1. So SER5 fits all but one of (1) over 17 Å from GLY172 (Cβ atoms); (2) within 17 Å of the chain's Cα centre (by Cα); (3) among the hydroxyl-bearing types (Ser, Thr, Tyr); what number is the exception?
2. Any residue that is part of a loop (DSSP other than H, G, I, E, B) and among the aromatic types (Phe, Trp, Tyr) - is there at least one of those in the range 135-142?
3. Please name all residue pairs, on different chains or six or more residues apart, with Cβ atoms under 6 Å, provided the first residue is in the range 65-78 and is over 10 Å from ARG29 (Cα atoms) and the second residue is of a type in the set (Lys, Arg) and assigned to a loop (DSSP other than H, G, I, E, B).
4. Go through the residues of the range 86-101 one by one and say whether even a single one is crowded, with 21+ Cβ neighbours inside 10 Å, under 18 Å from ALA175 (Cα atoms) and touching a residue at least 40 places away in the same chain (Cβ under 8 Å).
5. Suppose we keep only residues that are without any contact (Cβ under 8 Å) to a residue 40 or more places away in the chain and within 18 Å of ALA26 (Cα to Cα) within the range 150-176. Which one would you say is surrounded by the fewest Cβ atoms within 10 Å (Cβ to Cβ)?
6. Being touching a residue at least 60 places away in the same chain (Cβ under 8 Å) and in a helix (DSSP H, G or I) is the filter; apply it to the range 4-20 and report the residue that is farthest from CYS83 (Cα to Cα).
7. Of the residues that make up the range 123-145, is at least one modelled with pLDDT of 95 or more, of a type in the set (Lys, Arg) and farther than 29 Å from SER5 by Cα?
8. Quick one: in the range 138-149, of everything that is over 17 Å from LEU19 (Cβ atoms) and either of a type in the set (D, E, K, R) or without any contact (Cβ under 8 Å) to a residue 12 or more places away in the chain (or both), which residue is surrounded by the most Cβ atoms within 10 Å (Cβ to Cβ)?
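The values are calculated or read from the model by the stated rules, or taken from the named source; none is laboratory data. Being a predicted model, the structure only gives us computed values, none of them experimental. Counting neighbours? That spans all protein chains shown, and the Cβs are built from the backbone with ideal geometry, glycine included.
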Amino acid sequence: MLLESLKGKTVGIAGCGGLGSNCAIALARIGIGKLIIVDFDVIIQSNLNRQYFFIEQLGKYKVDALKINIERVNTDVVVKKHCIKLSPDNISQLFKNCDVIVEAFDLAEMKKMLIETVLSELPEKYIVSGSGMAGWGNNNTIKTINYDKLYICGDLSTEISENAPPLAPRVGIVANMQANQVVELLLN
């Protein structure tokens with residue numbers, strides 16, 4: 001079976017919030033072999049409107065809670081977690097054995113740093129990023145754009161603001177588009 005080949009694949013996820021937690025769960029559901037998840041943040045109440053965490057996990061590190069949640073979905077997925085802040089000094093070492101890397105940060109400068117580091121230090125790796133998912137509605141504006149080894153999912157323009165907060169529907173759409181793009185890259 002085609003999906004059987006995913007058991008031998010490794011995906012890195014940089015950031016375990018709205019995009020990263022939902023993307024990781026989608027990949028676990030289809031049987032990815034190994035996930036390397038990296039984040040240094042803890043779960044707070046405001047995360048629950050879009051992230052794959054639960055009330056009883058408030059105050060826990062996202063990587064710890066996400067590992068448990070992944071294992072509740074699929075015990076065959078190997079999860080390697082790192083509770084650290086990513087920087088140009090550690091990205092290559094953490095993600096060198098990944099087939100694809102998912103960028104799932106909130107902050108534009110962190111997105112830029114990760115993408116630039118991966119493209120320069122791990123040029124053979126694919127990176128799947130998310131950009132433009134705030135607010136609600138406008139489903140037809142969400143798409144995937146390819147720039148060689150970089151794929152960007154989202155509408156590429158909707159920034160988070162008081163009038164356009166990050167909410168589960170659009171964040172979930174983009175996270176699942178990222179997971180779908182990862183699968184496409186791995187199976188092609």
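1. (2)
2. Applying the first criterion (part of a loop (DSSP other than H, G, I, E, B)) to the range 135-142 yields 135-138, 142.
Okay, now just the ones that are also among the aromatic types (Phe, Trp, Tyr), so 136.
There is at least one residue in the range 135-142 that is part of a loop (DSSP other than H, G, I, E, B) and among the aromatic types (Phe, Trp, Tyr).
3. none
4. yes
5. Looking at the filtered set, the residue picked out is PRO169.
6. Filtering the range 4-20 down to residues touching a residue at least 60 places away in the same chain (Cβ under 8 Å) leaves 5-7, 9-20.
This time we only want the ones that are in a helix (DSSP H, G or I), so: 5-7, 18-20.
Numbers: SER5: 29, LEU6: 25, LYS7: 24, GLY18: 17, LEU19: 17, GLY20: 14 Å.
Per the stated criteria, the residue is SER5.
7. No.
8. LYS149
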